[in-house]
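Following: one structure in structure tokens, then a few remarks.
The values are calculated or read from the model by the stated rules, or taken from the named source; none is laboratory data. Predicted model, so just to flag it, every value in this text is computed and none were measured. Keep in mind that these areas ignore ligands, DNA and RNA; they rest on the heavy atoms of the full protein, side chains included. Shrake-Rupley method; radii C 1.70, N 1.55, O 1.52, S 1.80 Å.
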Amino acid sequence: MARKKIALIGAGNIGGELANQLVQKQLGDVVLFDIPQKEGVAKGKALDLEQASALSGADAKVSGTSNWADVAGADVLIITAGIPRKPGQSRDDLVASNLPIIRDVADNAKKFAPNAFSIVVSNPLDAMVYEFQRRTGFPSAKVAGMAGALDSARYQLFLAREAGVSVKDVRTLVLGGHGDDMVPIASATTINGIPVDRLISKEKLDAIIARTRTGGGEIVTLMGTSAYYAPAAGAIAMAEAYLLDQKRLLAAATLLSGQYGYKDLYLGVPVVIGGGGVEKIVDISLTGDEKAALEKSAASVRKVVDVVKSVA
Ligand code: APR
């Protein structure tokens, strides 16, 4: 059986780290795609990774290209094409630069990889994944946005450090849009089954939630550009769930058709990802406060989606 083909659209910081993690995990052969001006970077990263695999013993192939024909027949597309944030910018400030890019990627994805499971990472995430699905017309089960896995991981790490326990023992869900009003769900947060508020004070929990919400910005301020190791790991979790039919329950941006009271909107909610893509949207009941927070977050996402819709 041939190895699966995973095409990374955007061979920048996240694209390179995605390729690295995919090779380490041997999930398939990797194509690193970028624009013609960056073809050398894509090819160089591919070669560097293949040489590293001589030491690690990984057999997966990695190639770099700026030719969409090389993406043809991909099983998975992970899209990071676009400009990342600079200090002082919000994700929403990226609409003007990233909208034409996601449209270009959507048109080519439709032509060259119509059967792939597409994972969008480009920001502003919820609006970009909405536009990608709308423009390609791909079934919504085959198009998801990566944000919840990353935001949940950030929350998970901060909680684990505060409680002094392994990151493995913390379970969290962060829902809503991938913005500063994202919604960490306290009622779904446990430390190996123990409700988190029995182990961490409300004051500490509130501070951790605030840090999680601005977790991306914290890194942009430190590095001058946005994070890439954890965003790559988030997208890998989703790709792996699809490729290995794991039926993982993860927070991801998915197209809602009435769940949580929203329609025609991509928003982060718990989904089950398996061989069919987004196989199920898990509609859990939320507390009044959580619902209100989700409403605020959804309103922010809708504002950006309205901007996207208004640009022909
Ligand atoms: N097709 C393919 N690739 C493109 C296109 C396009 N039309 N336009 C730009 N790119 C490429 C750039 O040339 C660059 O190499 O996308 C790559 C983005 O890489 P980085 O600038 O390193 O950005 P990165 O940190 O990887 O983030 C990418 O993901 O999390 C989001 O906010 C982040 O929107 C940003 C995206």
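Worth pointing out:
- Inter-part distance where segment 144-166 and segment 1-33 are each reduced to a Cα centre, Å: 24
- Segment 97-124 and segment 188-211: distance between their alpha carbon centers, rounded to Å: 37
- When shorter helices are ignored and each DSSP H run of at least 4 residues is given -39500 (n - 2.57), the per-residue value for the chain at 222 nm works out to -14500 deg cm²/dmol.
- Helix 202-213 vs. the chain, principal-axis angle (Cα, 0 to 90°, nearest 10): 20
- The overall shape of segment 201-254 is oblate: from the C-alpha gyration tensor, with semi-axes ordered a ≥ b ≥ c, the ratio a/c is 1.5 or greater and a/b is no larger than b/c.
- Candidate residues LYS291, LYS45: accessible-area rank, largest first, probe 1.4 Å: LYS291, LYS45
- Cα long-axis angle, helix 288-310 against the chain (0 to 90 degrees, to the nearest 10): 30
- Note on the chain: GNM, Cα springs under 10 Å; of ALA74, ALA147, ALA188, the largest mean-square fluctuation is that of ALA188.
- Rounded, prolate or oblate (a/c below 1.5 giving rounded, otherwise prolate when a/b exceeds b/c) for segment 142-245 by Cα gyration tensor: oblate
- Lysine pairs within segment 222-312, Cα separation less than 17 Å, 8 or more sequence positions apart or different chains: 6
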